[in-house]
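Let me begin by presenting the structure, written as structure tokens, before commenting on it.
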């Protein structure tokens, strides 16, 4: 018999949430550092990230014991693979902050769009917030001296959409850690297939492998487990709102560790995107 998890104290919830947000932001920083400063290529980074994530998640599920078993499905595995692969190739040309902002905007826009498709309606402040966020994302991608790479931006938009698909499919699963472990394992042959396809251009070194392993095993694998624990003490609005900090943390990490400049365009469009999404989330589905 599995003992139900004990309620978390508010201090524990805050600590777990902050740790998870740092882990998610670290994924952007680690990927950008690896592709900028080491010899590893995006396909190899993706494969090592998924492999190390699968190993860590499998180990966690195994050590927990009980009647838990690793589950998952191929559609969710495909979503994880598309997210991770597009993420890696996007960071060849995007800065840490820009990539995280586009990723976050794409995830939220995709999930809001799904809600509209299912019949939800945006009214009042929620509609205004959605329009502000959409305009901010559009302004970020419009031509100009400081516009990010269009190819990289499109890849990151695809990555965000894929992660939204995975998140929507993961809602309501009985054991999210075991399910994520199974999905990572199913995503591994897809990543290996990508590496085989890209074989002529594959390149690895110890530093790149280390960054990829930390990204998969720690920032992804452990990060997801910590986030699932934090979700036990967060409301839906709180869970959505705290994720606003991920692009901010990523931008800070890019500036601190990679000396990446934060342009006025990024600041203004980022404020519009994050502020608009916050308006949609905070006012809630039926608030107006």
_Pair list, Cβ < 6 Å and 6+ apart or interchain, from segment 35-55 residues that are part of a loop (DSSP other than H, G, I, E, B) to residues that are buried (at least 24 other Cβ atoms within 10 Å of the Cβ)_ = 40/34
_If I go through segment 245-262 residue by residue, how many of them are part of a loop (DSSP other than H, G, I, E, B), surrounded by fewer than 18 Cβ atoms within 10 Å (Cβ to Cβ) and either at negative phi or in contact with a helix residue (DSSP H, G or I) (Cβ under 7 Å, 6 or more places away or on another chain) (or both)?_
2
*Looking at segment 162-180, which of its residues are part of a loop (DSSP other than H, G, I, E, B) and either crowded, with 21+ Cβ neighbours inside 10 Å or in contact with a helix residue (DSSP H, G or I) (Cβ under 9 Å, 6 or more places away or on another chain) (or both)?*
173, 175
*Sort out which residues of segment 206-245 are modelled with pLDDT of 95 or more and farther than 13 Å from residue 53 by Cβ, and write them in order of number.*
206, 207, 208, 209, 210, 211
*Take the residues of segment 263-281 that are touching a helix residue (DSSP H, G or I) at 6+ places or on another chain (Cβ under 6 Å) and within 22 Å of residue 23 (Cβ to Cβ): which is surrounded by the fewest Cβ atoms within 10 Å (Cβ to Cβ)?*
281
_Residues that are more than 16 Å from the chain's Cα centre (by Cα), in contact (Cβ under 8 Å) with a residue 40 or more places away in the chain, under 30 Å from residue 128 (Cα atoms) and assigned to a helix (DSSP H, G or I): does segment 201-209 have at least one?_
no
*Go through 159, 110 for me and flag whichever is in contact (Cβ under 8 Å) with a residue 60 or more places away in the chain, part of a helix (DSSP H, G or I) and buried (at least 17 other Cβ atoms within 10 Å of the Cβ).*
159
*Here are some residues: 121, 127. Which one is free of Cβ contacts under 8 Å to residues at least 12 places away in the same chain and assigned to a loop (DSSP other than H, G, I, E, B)?*
121
*Give me a count of the residues in segment 82-107 that are part of a helix (DSSP H, G or I) and either within 18 Å of residue 30 (Cα to Cα) or out of contact with any helix residue (DSSP H, G or I) (no Cβ under 7 Å at 6 or more places or on another chain) (or both).*
17
*State all residues of segment 133-154 that are part of a helix (DSSP H, G or I), touching a helix residue (DSSP H, G or I) at 6+ places or on another chain (Cβ under 8 Å), modelled with pLDDT under 90 and loosely packed, with under 14 Cβ neighbours inside 10 Å; if no residue qualifies, say none.*
none
*Can you tell me how many residues in segment 1-22 are part of a loop (DSSP other than H, G, I, E, B) and modelled with pLDDT of 90 or more?*
0
_Checking residue 116 against (1) under 20 Å from residue 272 (Cα atoms); (2) assigned to a helix (DSSP H, G or I); (3) without any contact (Cβ under 8 Å) to a residue 24 or more places away in the chain, only one condition comes out false. Which one?_
(1)
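The values are calculated or read from the model by the stated rules, or taken from the named source; none is laboratory data. As the structure is a computational prediction, the values presented were derived from the model and not from experiment. Quick reminder, even Gly has a Cβ in these numbers, built from the backbone with ideal geometry, and neighbours come from all protein chains shown.
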